[in-house]
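Reading through the structure tokens given below for one structure.
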Amino acid sequence: QVQLVESGGGSVQSGGSLRLSCTVSGMIFSLYAMDWYRQAPGKQREFVATITSSDSTNYVGSVEGRFTISRDNAKNTVYLQMNNLIPEDTAVYFCHSKAKRLGGSYLNDYWGQGTQVTVSA
């Protein structure tokens, strides 16, 4: 089955940096766009960033210029480099892809388990 496993979360002070990783198995990673979402306490899950199979990127306005999404197809891994973090970035961060599993016929939404990012003032 398709598995997305995030790592790299933690606690930092405002202005600090973290790099999240999401390693994928069970699908042909290089074929599909990969996304990062986040969910803060009491709020809906929101889109953060996406990277297409051809390395085009897009970001939510609140992280533009501070976060960078990238991918390494050889390692089946997508990254989110987060710089100049602010308390409003505190959330559980999720990796996501809409993809076909190996041998599958249909696109499905796949999510990781999430990794906590906490930014203190």
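The values are calculated or read from the model by the stated rules, or taken from the named source; none is laboratory data. It should be emphasised that the depicted structure is a prediction, and the values quoted were computed from it without experimental measurement. In this analysis, Cβ positions are derived from the backbone assuming ideal geometry, glycine residues included, and neighbour counts consider all displayed protein chains. When the accessible area is computed, the model is the full protein with side chains, heavy atoms only, and any ligands, DNA or RNA have been set aside. Shrake-Rupley method; radii C 1.70, N 1.55, O 1.52, S 1.80 Å.
Solvent-accessible surface (1.4 Å probe) assigned to T90 amounts to roughly 30 Å². Full extension of the chain between K75 and S62 gives 1.8 nm of extra length, using 0.36 nm per residue less the Cα-Cα distance.
Net charge in the neighbourhood of V92 (other residues with Cβ under 12 Å of its Cβ; Lys, Arg +1, Asp, Glu -1) is 0. Here the Debye sum runs over all C-alpha atoms of the chain as equal scatterers in vacuum, and log10 of I(q)/I(0) at q = 0.13 Å⁻¹ comes out as -0.47. Placing +1 on the Cβ of every Lys and Arg and -1 on the Cβ of every Asp and Glu, with no other charges, gives the chain a dipole of roughly 240 debye about its Cα centre. A cut-off of 5 Å between modelled amide H atoms, ignoring neighbours fewer than 5 places along the same chain, links G114 with E6, C95.
Report relative contact order for the stretch 11-121 in percent, whole number only (criteria: Cα-Cα under 8 Å, sequence separation at least 6). Don't jump to the answer; show the numbers that get you there.
Details: 234 pairs, mean separation 38.4, N = 111.
Reported as a whole number, the value is 35 percent.
Considering only protein heavy atoms, with the full assembly of protein chains and a 1.4 angstrom probe, order W36, W111 by accessible area, largest first.
Values: W36 0, W111 100 Å².
I get W111, W36, largest accessible area first.
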